[in-house]
Amino acid sequence: MTTGGHPENASTPAASPFAPPVKRSVTIAGHQTAISLEPVFWQALRAVAVREGLPVNALIARIDVARMAAHDPPNLASAIRCWLFTDNIRL
C-alpha cells in the first residue's frame with residue numbers, strides 16, 4: 001500500500017481522531033485505486049487485517065465485493081467505514 005501525506009502520523013496511536021483523511025493507493029482485483037480515509041480508519045483496517053491474517057489490500061477487496069452486492073452500493077471509502085463500524089466494533 002502506498003501512502004500519501006504523512007504516514008507516520010496516520011499509524012501512530014496518538015494521532016488525533018479528528019485528523020484529516022489520508023489518501024492511499026491500493027490494488028483491488030489487479031487495479032489500483034486511491035482511497036481517502038481518516039487515520040483512525042486506516043488503523044482499524046490494519047488491526048482487522050492483522051487479526052484475520054490478511055494483507056490490507058485483500059481485506060479491502062473483500063469489503064469491495066460485499067459493497068458491490070448491495071442494492072445501492074456506496075463509494076468504497078464509505079463502505080470501509082461502515083463495514084469497520086458494523087462488523088468489527090465490539091460495544
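Would you mind classifying the stretch 25-91 by shape? Square roots of the alpha carbon gyration tensor eigenvalues, ordered a ≥ b ≥ c; an a/c under 1.5 is rounded, otherwise it is prolate if a/b is larger than b/c and oblate if not. Cα axes put the stretch 25-91 in the rounded bin.
Less than 5 angstrom separates the built amide H of Val22 from those of Leu37, Glu38, all sequence-distant by 5 or more or on a different chain.
FYI, it's all coordinate maths here, none of it is from the lab. Remember, it's a predicted structure, so these values are computed and weren't measured experimentally.
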